Number of protein chains: 2
Amino acid sequence: MAEKIVSSRDAILAAARREFAARGYAGARMEAIARRAGINKAMLFYYFSSKEKLYQTILHEVMGEFFTQISGLITPELTPALFMERFPELYIRLCADHPDFVRIVAFDLIHNPDNICAVMAGIISQMTSFQPHPLFELIRRWHGKGLISESDPLHFMMNIVSLSIFSFIGKPMVEAISGIRVASDEDFYRKRVMSVVNVLKRGMLK
Amino acid sequence: MAEKIVSSRDAILAAARREFAARGYAGARMEAIARRAGINKAMLFYYFSSKEKLYQTILHEVMGEFFTQISGLITPELTPALFMERFPELYIRLCADHPDFVRIVAFDLIHNPDNICAVMAGIISQMTSFQPHPLFELIRRWHGKGLISESDPLHFMMNIVSLSIFSFIGKPMVEAISGIRVASDEDFYRKRVMSVVNVLKRGMLK
DNA sequence: TGTTATATTAACCATATGGTTAAACCAATC
DNA sequence: GATTGGTTTAACCATATGGTTAATATAACA
């Protein structure tokens, strides 16, 4: 088993990500993380000096991964139609493949927005391809050219992100309300992407 | 101050709602709730026998309020256009007016979906006007008549709920990414409703 | 006024939890 | 083989926390 050669540090990070995702920051137990990682609890404090530090490390890791992926979408020749196709596709796939990420980010977004927004801003400022200005300038230009109906780039973006991210969080809720259970997750996400892209293009493309 | 005559029980419920919303279940402290309510900690256990019980009581209260409001929308003569106007309007207003509700529900949705979904199902089954079937049957009929483009009622509903609820959770995130800060919340939510209704009607109405 | 049922509190308790320490282990290097 | 520097652990520690208890206050009522 070549997999067993992972460093303790990496084992801790993986275990911590799962634990924080499953129970939230306050609910996560350092001992549980250690157990999951198969090492002594003191190791957590050896590599990361505190629970808070460990959490922030993971938050950075998680957010970095997300933004790196998404920044790949943004090129000068991007059209609104392409953006509305590719963003939901990438985002929904990303969330489905990394459920831990979503849970961690969503929790902080709800209970500690200041911190996570600062982290986001920090990561964004380090990436040349995804500065705040380029994307939102681009959206403004699209509207200027009469390509999209929504004039406010903030609301334009919120519509896209809403439909993409909530596919994940809201699934159990709408299932419970409707009484409809999806057969396979794979199928559900494929259909979700189609529905979202459809609404977005019909709804905001001129 | 006539307000001071609130019963201890009610004071506890109000304080607990705020505390659970602010810190999540695991992060909430019984002593903090007691302090906020201005009473002795033992009172919490006198009226509600445990933290878990107190939490479940609040969850029911919160969800009941939500579903009662929303069920008011659903009448036999409801048209898809009206639904797409009124649902976001009501939902976004409800979330803006009761931020605690959203935080509590969202947290459980992420970390403990089974429990909250059971609660939802329980509440729904007690309400004649908002049974699982009526609404979703109605949506199916709308599509049968060629009034809406989305054939799957689950995705139809998810699109509407996504856009409505995420207006609230995602606001700080999109603000951080865009660098755009909204002037007044009141203004933001008004604009948000308009944008959401617009996308929905253009995107899903035939 | 005495009795009773409900409300309320200060003082406790057992346990869980984040964090520390000092000693041991182990691989590499001299 | 001794030294050194990073790694790992068992045993601790102080404190926070959910929950309990026994005694007291209060209001209703007979």
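Key figures
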| read-out | value |
| --- | --- |
| Residues within the range B:10-33 that are more than 10 Å from DNA strand D (Cβ to nearest atom) and either within 14 Å of chain A (Cβ to nearest Cβ) or open to solvent by 30 Å² or more (accessible area, probe 1.4 Å) (or both), tallied | 8 |
| Some residue of the range A:161-170 being surrounded by fewer than 23 Cβ atoms within 10 Å (Cβ to Cβ) and over 28 Å from B:ILE124 (Cβ atoms) | yes |
| Residue count for the range B:58-71, restricted to those that are open to solvent by 60 Å² or more (accessible area, probe 1.4 Å) and either among the hydroxyl-bearing types (Ser, Thr, Tyr) or out of contact with any His (no Cβ under 8 Å at 6 or more places or on another chain) (or both) | 4 |
| Some residue of the range A:170-191 being in contact (Cβ under 8 Å) with a residue 40 or more places away in the chain, at the interface with chain B (Cβ under 7 Å from one of its Cβ atoms), out of contact with any strand residue (DSSP E or B) (no Cβ under 8 Å at 6 or more places or on another chain) and not acidic (Asp, Glu) | no |
| Subset tally (residues that are small (Gly, Ala, Ser), in contact with a Leu (Cβ under 8 Å, 6 or more places away or on another chain) and crowded, with 21+ Cβ neighbours inside 10 Å) for the range B:171-206 | 1 |
| Meets criteria (more than 14 Å from the chain's Cα centre (by Cα), under 30 Å from B:LYS145 (Cβ atoms), open to solvent by less than 60 Å² (accessible area, probe 1.4 Å) and away from every other protein chain (no Cβ under 12 Å)) for B:PRO76 | no |
| Tabulated pairs, the range B:44-73, first more than 18 Å from B:ARG103 (Cβ to Cβ), second away from DNA strand C (no atom under 16 Å from the Cβ) and polar (S, T, N, Q), C-beta under 6 angstrom, 6+ apart or interchain | B:SER71/B:SER129 |
| In the range A:51-110, the residues that are in contact with a Cys (Cβ under 9 Å, 6 or more places away or on another chain) and farther than 17 Å from A:ALA121 by Cβ | A:PHE101, A:VAL102 |
| Filtered residues of the range B:34-57 (kept if of a type in the set (A, V, I, L, M) and either exposed (fewer than 13 other Cβ atoms within 10 Å of the Cβ) or within 13 Å of DNA strand C (Cβ to nearest atom) (or both)) | B:ALA34, B:ALA37, B:ILE39, B:ALA42, B:MET43, B:LEU44 |
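The values are calculated or read from the model by the stated rules, or taken from the named source; none is laboratory data. Because the structure is predicted, anything quoted here is derived from the model rather than measured. Neighbour counts run over all protein chains shown; Cβ positions are idealised from the backbone, glycine included. To get the accessible areas, we keep the full protein, side chains included, count just its heavy atoms, and leave off ligands, DNA and RNA. Shrake-Rupley method; radii C 1.70, N 1.55, O 1.52, S 1.80 Å.
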